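Written out below as structure tokens is the structure these notes cover.
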Amino acid sequence: MKAETYTLHCGTAPLLISLPHDGSLIPDDIAVRMVPPARRAPDTDWHVAKLYDFARELGASILVPRYSRYVVDLNRPQDDVSLYPGQNTTGLCPTVQFSGEPVYLDGQAPDEVEVVARVETYWRPYHDALRTELDRLRAEHGRAVLWEGHSIRSVVPFLFEGRLPDLNLGTAAGTSCSPALQAKLEAVMAAQPDYTHVSNGRFKGGHITRHYGDPAHGIDAVQLELAQLNYMDEDSFEYLPERAMRLQSLLRRLLESTLP
């Protein structure tokens with residue numbers, strides 16, 4: 001299934017992988033108002049669709065946007081309430097990069113009217129597709145797992161101190177999925193010696209995890225934030241296949257643990 005702003009692969013297993021920050025396209029009329037470094041969309045979750053492509057073999061559905069989070073952040077609520085009060089963050093239509101530098105040239109940031117238009121054009125279709133696919137999977141299987149796949153540079157002083165753990169599991173402090181599923185995922189991470197990991201640390205899960213997770217009604221939602229250096233070069237954005245294959249082996253075990 002294809003749409004203008006996203007692609008959706010419909011699978012056969014009760015698993016939907018959502019990759020809301022994989023998109024990197026920026027429309028020309030927006031890009032010309034940005035500072036030159038922002039036009040590269042540096043804060044993209046680079047290559048996560050490629051990293052998770054193997055999940056088709058597991059029967060997973062995969063939802064991928066085309067456009068950059070700089071156009072609209074699909075993992076933020078419509079009202080743009082901060083997900084991490086008191087901490088540096090970015091917004092629904094970001095005006096600040098993860099570096100702390102501005103996204104837009106002086107006076108060129110979107111106003112409220114433009115933000116509403118971007119929500120209708122880019123944000124709502126993605127969420128409508130996500131909701132519809134989740135409901136389909138739950139109706140067919142009696143339950144569904146929503147897996148939020150993310151990645152970020154391992155060191156981003158504007159957002160957090162020090163080096164980020166390699167694997168950052170978020171379950172909205174244990175409320176977006178069942179305790180049993182969280183325990184399974186933590187056991188898989190603990191059983192491997194190669195990657196550092198944490199649950200509900202700096203990244204507890206964004207809007208999608210928090211909004212759609214409803215374990216009491218058959219939908220478990222989790223977010224996994226990956227440190228990008230484990231599968232790519234963080235400066236050039238180049239995908240590194242050997243590193244990625246090693247990480248994919250672990251990702252496969254994590255996804256398999258969510259399935260019946």
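Worth pointing out:
- Once the 1.4 Å probe is applied to the protein heavy atoms, region 6-258 comes out at 42 Å² accessible per residue.
- Each residue of region 15-26 is assigned a 3J(HN,Hα), and the resulting list reads 9, 10, 9, 9, 10, x, 10, 6, x, 10, 6, 10 Hz, derived from the Karplus form 6.51 cos²θ - 1.76 cosθ + 1.60 (θ = phi - 60°), x at Gly and Pro.
- Computed lengthening from Thr7 to Arg252, 0.36 nm per intervening residue step minus Cα-Cα distance: 86.0 nm
- With a Förster radius of 41 Å applied to the C-beta separation of Phe54 and Arg131, the computed FRET efficiency comes to 0.95.
- More than 16 Å apart - percent of Cα-Cα pairs taken over region 150-260: 60
- Computed lengthening from Ser154 to Leu259, 0.36 nm per intervening residue step minus Cα-Cα distance: 34.9 nm
- Net dipole in debye of region 6-258 [+1 Lys, Arg Cβ; -1 Asp, Glu Cβ; about Cα centre; nearest 20]: 580
- When the square roots of the Cα gyration tensor eigenvalues are ordered a ≥ b ≥ c, the ratio a/c for region 86-189 is 1.5 or more and a/b does not exceed b/c, which makes its shape oblate.
- Residue-averaged [θ]222 nm for the chain, counting only DSSP H segments that reach four residues, each worth -39500 (n - 2.57): -7500 deg cm²/dmol
- Amide H contacts under 5 Å for Val96: Gly91, Val103, restricted to partners 5 or more places along the chain or on a different chain, H placed in the peptide plane at 1.01 Å from N.
- Tensor-based shape of region 113-164 (alpha-carbon gyration tensor, a/c under 1.5 rounded, otherwise prolate or oblate): oblate
- Rh (Kirkwood; distinct C-alpha pairs) - region 6-258, Å: 18.4
- In Å², nearest 10: area of Met245 left accessible to a 1.4 Å probe: 130
- Of all DSSP beta bridges in region 103-260, antiparallel share, percent nearest 5: 35
- Inter-label distance, nm, simple model (7 Å from Cα along the C-beta direction), Asp194/Glu114: 4.4
- In terms of accessible area, using a 1.4 Å probe and ignoring ligands and nucleic acids, Glu57, Glu186 rank largest first as Glu57, Glu186.
- Candidates Phe158, Gly174, Thr209 compared by Cα position along the dipole of the chain: farthest toward the positive end lies Gly174, with charges placed on Cβ.
- The angle separating the long axis of helix 179-190 from the principal Cα axis of greatest extent in the chain is about 80 degrees.
The values are calculated or read from the model by the stated rules, or taken from the named source; none is laboratory data. Computed from a predicted model, the values in this text were never measured in an experiment. FYI the Cβ positions are ideal-geometry reconstructions off the backbone, even for glycines, and counts take in every protein chain you see. For the accessible areas, the whole protein counts, side chains as well, though only heavy atoms, and no ligand, DNA or RNA atoms are used. Shrake-Rupley method; radii C 1.70, N 1.55, O 1.52, S 1.80 Å.
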